[in-house]
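The values are calculated or read from the model by the stated rules, or taken from the named source; none is laboratory data. Here the structure is a predicted model, which means the values were calculated and not measured. Glycine also receives a Cβ, built like all others from the backbone with ideal geometry; neighbour counts cover every protein chain displayed. Please note that ligands, DNA and RNA were not included when accessible areas were found on the heavy atoms of the full protein model with its side chains. Shrake-Rupley method; radii C 1.70, N 1.55, O 1.52, S 1.80 Å.
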Amino acid sequence: MHLLSPGPSVDDRALEDLYAYPTELTRPYVQVNFVASADGAATVSGRSRGLSSPADKKVFALGRDLADVVLVGAGTALTEGYRGVKHTELRAARRSRLGLSDVPPIAVVTGRGSVDPTSPLVAHTTVPPIVLTSDAAPVEWRKAMADAGADVVVAGEDRVDPAGALDALADRDLLRVCCEGGPTLFADLIAADLVDQLCLTVAPLLTGAGAVRVADGLPAKEPLPLTLESVLSDEGFLMLRYRKATPSGSE
């Protein structure tokens, strides 16, 4: 990977420094990771892997390595076949050096209880998942998830409230939040103005009409300005890192 193009190569340590979370956080800091085609599609044949590349996968894995928790919507978790984050030698060494837990838990958002207690997301995991749900989810399902080992949190009435969900993560001292989608959860976070950083990989592909965009669902009241912080390129893929723009006159 190169910083800009044909800029200098970026090694693993430089990449880690580039994507590091702010220090001394006092509230959840939400980084959202997405890959999209050049014409804005979030998937190919319903899944994101058709858009990815080795460099994108490296940045994706780094997002997990640097986070306290991986946040994901139930639809994406089920479609992409999510399991618990795996323990690897590289991940363990990096997280130990940074003072983080061995592996981050996955926090899955499901307002109506669409995740089965026997799914790999619950059953095949080193760290118990956090299930962020609402009062609309059946009580029996919530109990079944808890019995299966999940940490079940009610954060909202008819649907999951993003701010309430992040408050629940903060209560567990999980402030470095790596959100991996999907489009509905991303739209909810944008509408609530809770996105601090967007890591967007643009794939050199045109997929045509039909695929969902990276944000799809609840509309935002107004566009939220971003500041471009870095651009990496690798074999035609662009890895863009944007941060929430600082209001004029503030630090």
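Subtracting the Cα-Cα distance of ASP173 and LEU228 from 0.36 nm times their residue separation leaves 16.9 nm of extension gain. The alpha-carbon of LYS221 sits under 13 angstrom from the alpha-carbons of these aspartates and glutamates, leaving out residues fewer than 8 places away in its chain: ASP188, ASP193. The candidates PHE60, PHE186, arranged from most to least accessible area with a 1.4 Å probe in the full protein assembly, appear as PHE60, PHE186.
Under the convention that each Lys and Arg Cβ holds +1 and each Asp and Glu Cβ holds -1, the size of the dipole of the stretch 115-232 around its Cα centre is about 320 debye.
Lys and Arg at +1, Asp and Glu at -1: add these up for the other residues within a Cβ distance under 13 Å of TRP141 and post the number. Cβ neighbours under 13 Å give a net charge of -1.
Separation of the stretch 23-40 and the stretch 69-109, taken as the distance between their Cα centroids, equals 15 angstrom.
Rounded, prolate or oblate: which one fits the stretch 127-251, using the alpha carbon gyration tensor with axes a ≥ b ≥ c (rounded when a/c is under 1.5, else prolate when a/b beats b/c, else oblate)? Walk me through the numbers on the way to the answer.
Working: a/c = 1.94, a/b = 1.60, b/c = 1.21.
Prolate is the answer for the stretch 127-251, as a/c is 1.5 or above and a/b outweighs b/c.
When the helices of the chain are scored as -39500 (n - 2.57) per DSSP H run of n ≥ 4 and the total is divided over every residue, the value at 222 nm lands at -7000 deg cm²/dmol.
For the cross-link pairs LYS58/LYS86; LYS57/LYS244; LYS57/LYS86, the ones whose C-alpha atoms lie over 21 Å apart are LYS57/LYS244. Full extension of the segment from ASP39 to ASP216, taken as 0.36 nm per residue of separation minus the current Cα-Cα distance, would add 62.2 nm.
Using the heavy atoms of the protein chains and a 1.4 angstrom probe, tell me the accessible area per residue for the chain in square angstrom. Per residue, the chain has an accessible area of 50 Å².
For the chain, modelled as a GNM whose springs connect Cα atoms under 10 angstrom apart, the maximal fluctuation among LEU194, LEU206, LEU232 occurs at LEU206.
Pull out the extension gain between GLU235 and VAL139, defined as 0.36 nm times the separation in residues minus the alpha carbon to alpha carbon distance; nm, one decimal. Walk me through the intermediate numbers first.
Details: separation 96, 0.36 × 96 = 34.56 nm, distance 4.94 nm.
Going from the current span to full extension adds 29.6 nm.
Nonpolar atom fraction for the stretch 123-251, defined as the carbon and sulfur part of the 1.4 Å probe accessible area, stands at 53 percent.
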